[in-house]
Structures are given as C-alpha cells and as structure tokens.
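Here is the structure we will look at.
The values are calculated or read from the model by the stated rules, or taken from the named source; none is laboratory data. Only a predicted model underlies this, so the values are computations on that prediction, with no experimental measurement involved. Neighbour counts are summed over all protein chains in view; Cβ atoms, including those assigned to glycine, are modelled from backbone coordinates with ideal geometry. Accessible surface is based on the protein model in full, side chains and every heavy atom, while ligands, DNA and RNA are left aside. Shrake-Rupley method; radii C 1.70, N 1.55, O 1.52, S 1.80 Å.
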Amino acid sequence: MKTLKLTLKKKWFDMILFGMKKEEYREVKRYWIQRLCNEIEFENNSSWEAVFKKYDFVEFTNGYNSKSPQVTLEWKGLEIRTGNTDWGAIDGEDYFVIKLGSEVSRKNC
C-alpha cells in the first residue's frame, strides 16, 4: 500500500480531522510535480499534460515531532483545478487537488 505523507498547519489539520475539509491543495510547482506526477508531456510553453502517481492513503501530520497528531485517509484521486477559498486556496489559482475519502486511522489526536 502506498501512502503520501503531508504535514499541515493546525487549522487545516483540524478541518480534515473533523471531516470539514474534503480535499488538500498543493501548488503546481516543480517540487509537487516531482512528488505527484510520474510523467509530464509539454505541448508548448504554456500547456502540459501529466500522468499522476497513484496512492492508497494520505497521512497528515500536524507538526514534525514524533508525538504529533496524525490522521490517515483514503486517497480518492488527484486533479489540477482551482480550490475552495474556505479551505486555503487563493481565488483563481490552479492547484494539485488531492481528493480525500474516509478516515482509516488516527494517532495522538
């Protein structure tokens, strides 16, 4: 089973933990392209197409301590689009949108 591990600030972690936030956003930048895509095809300077990596779960941690709270949810897919501003997205910007499913486990919560 393949798990994507992400660290979140408390506000976003709590929203996911309590089921209020159903997706997580990451900027469309080189670092996230390398982590979330297997292959990228550039059609021209402003257009590209990606083949996304597949995960089974997303593990969120609130902080970097070994005792930090963690919650693991099902991975429901990935797409590139704008996000919900109530969930941290900037209006009009495209993001990698990680779609979240049911909670699988939690630790130190």
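Output the residue which, of all residues in region 39-64 that are open to solvent by less than 80 Å² (accessible area, probe 1.4 Å), outside any loop (DSSP other than H, G, I, E, B) and polar (S, T, N, Q), is modelled with the lowest pLDDT.
Per the criteria, the residue is Ser47.
Consider Arg106 against the criteria (1) of a type in the set (D, E, K, R); (2) modelled with pLDDT of 95 or more; (3) in contact with a Phe, Trp or Tyr (Cβ under 9 Å, 6 or more places away or on another chain): it satisfies all of them except one. Which criterion is unmet?
All conditions pass for Arg106, except number (3).
Which pairs do you get when a residue that is closer than 19 Å to Asn38 by Cα, found in region 69-94, comes within reach of a residue that is open to solvent by less than 30 Å² (accessible area, probe 1.4 Å) and acidic (Asp, Glu), reach meaning Cβ atoms under 7 angstrom, with the pair 6+ apart or on two chains?
none
Scanning region 14-38 for residues that are modelled with pLDDT of 90 or more and among the basic types (Lys, Arg), which turns out nearest to Trp75 (Cα to Cα)?
Lys22
When the residues of region 81-100 are filtered to those that are open to solvent by 70 Å² or more (accessible area, probe 1.4 Å) and either in contact with a strand residue (DSSP E or B) (Cβ under 8 Å, 6 or more places away or on another chain) or in a strand (DSSP E or B) (or both), which remaining residue is nearest to Phe52 (Cα to Cα)?
Arg81
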